[in-house]
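What follows is a short report on a single structure.
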Amino acid sequence: MQRPNILYIHSHDTGRYVQPYGYAVPTPNIQRLAEEGVLFRQAFCASPTCSPSRACLLTGQYAHNNGMLGLAHRGFSLNDYSHHLLHTLRRVGYVSALAGVQHIANMFPVPWQAIGYDMYLGDPPSPKAGLDIPDNQAHLAAVDFLTSSPPQPFFLSVGFKETHRQFPPLDEEAVNPDYVQPPAPLPDVPAVREDTARFLLSARSLDAKMGAVFDALERSGLAENTLVICTTDHGLAFPHMKCNLTAHGTGVMLILRGPGGFSGGKVIDALVSQIDIFPTLCDLLEIPQPEWLQGVSLLPLVRGEAAEVRAEVFAEVNFHAAPEPMRSVRTRRWSYIRRFDERSRPVLPNVDDGPSKSFLLEHGWGEIAPPAEALYDLALDPNERHNLTGCPGYEEVAAEMRLRLQRWMEATHDPLLEGPLTPPPGATLNDPDGLSPSHGPYLDTGSGRA
């Protein structure tokens, strides 16, 4: 069979805040992709923090199984880079190329080679750059690759820094903050509207760059035999979103377009996880699934053979800038989140600095204890704000969701069941009682204990 090329194109911190999900975010190129492909409205990442999320998608494993418990540039890595999707694809003839951000390796001297890519497109950044972000030219490097008669089949990863903070300066002619609606968990006040307006500018830049890559795919004649996987790592870099286990943190855009039934503007409402992408590709290519995969194929959904392929999705946080161990399980009706850190105030270093964070801190948010466990009714409380734990009439539901989570943790041998997690020796971690991810105090992880 003629194997399709695979274009994995991904952003930072975008959640579902793009046009095809109904938000007032002008992203016409992503909208066009959705209208030509398949849009998953209930797609979730497996860990809403940058490196772990990407690692889960690319290995088909949960973070506590693949080893990426924290951020690559802060000292975390995969247990085994041969579990990366590209190695399975290589065994059936694929050539792999990377343009822009990868964020799952930080080894010297060449992170992309440590992962196993055949080539890096453009000038690769130094691992010392932190987020391994080059000079915003990933889309140009990808365009050059696609229009230069590349070897086929190929796996091309194109990673953008957008919509990661810092956002572009405010441009009121392009986006007037007076007419902007902040994300759902945040108040509609001038500071947050301006913050949101700057996010919209970043999203507009992201869409233009993705559009350039999509156009090059068409011009090169490769579109018909290329599966496009368009997604992001997790929710927006705002309070109550990124690094949180509600849908504001774990909900992601996921659009696939290409051969195998990924066409026609389909919209799928079934629960799916990003760890399902790897087994879906194996199913599509008719190759054996590696034994470590923990997701399920999405092809029965896409081909109309099933209305659901999973009853629940799971997610976790371990380390971001600071330790914050949490686990969650989500069904169609219920969301259950459990913390394992007994916090009396939020872990503020795990919230990106910005006007929205400053506004909440000015109004006392930094002194509010996060709930040790939370249960939300997604039918009556889709924003996951009213915690039903301990409320009369919900004891059986809470017990069932606790049991679902416990069974998953046991089945996946979650190390959190054995006690506090251990970071790698020398990992750079903020003290969870600090204020900002950008400065101390830091924990001493020289011994590997946090």
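The values are calculated or read from the model by the stated rules, or taken from the named source; none is laboratory data. Because the structure is predicted, anything quoted here is derived from the model rather than measured. Methodologically, a virtual Cβ is constructed for each residue, glycine included, from the backbone with ideal geometry; neighbour enumeration extends over all protein chains shown.
Structural remarks
- Scope the stretch 248-271; condition crowded, with 24+ Cβ neighbours inside 10 Å and either over 20 Å from residue 31 (Cα atoms) or without any contact (Cβ under 8 Å) to a residue 12 or more places away in the chain (or both); matching residues: 248, 249, 250
- Annotation for the stretch 77-97: at least one member residue is modelled with pLDDT of 95 or more, more than 27 Å from residue 323 (Cβ to Cβ), surrounded by fewer than 21 Cβ atoms within 10 Å (Cβ to Cβ) and hydrophobic (A, V, I, L, M, F, W, C).
- Residues of the stretch 45-65 satisfying the condition of being without any contact (Cβ under 8 Å) to a residue 60 or more places away in the chain and either over 15 Å from residue 321 (Cβ atoms) or not assigned by TED's automatic domain parsing to the domain that holds residue 108 (or both): 55
- Look at the stretch 354-372: where a residue is in contact (Cβ under 8 Å) with a residue 40 or more places away in the chain and a partner is part of a helix (DSSP H, G or I) and of a type in the set (S, T, N, Q), sitting 6+ places away or on another chain with Cβ atoms under 9 Å, you get 356/196.
- Scanning the stretch 218-239 for residues that are touching a residue at least 40 places away in the same chain (Cβ under 8 Å), assigned to a loop (DSSP other than H, G, I, E, B) and surrounded by fewer than 24 Cβ atoms within 10 Å (Cβ to Cβ) turns up 220, 222.
- Of the strands (runs of 3 or more DSSP E) lying entirely inside the stretch 262-335, those containing at least 1 residues that are over 24 Å from residue 419 (Cα atoms) and not assigned by TED's automatic domain parsing to the domain that holds residue 373 are 266-268.
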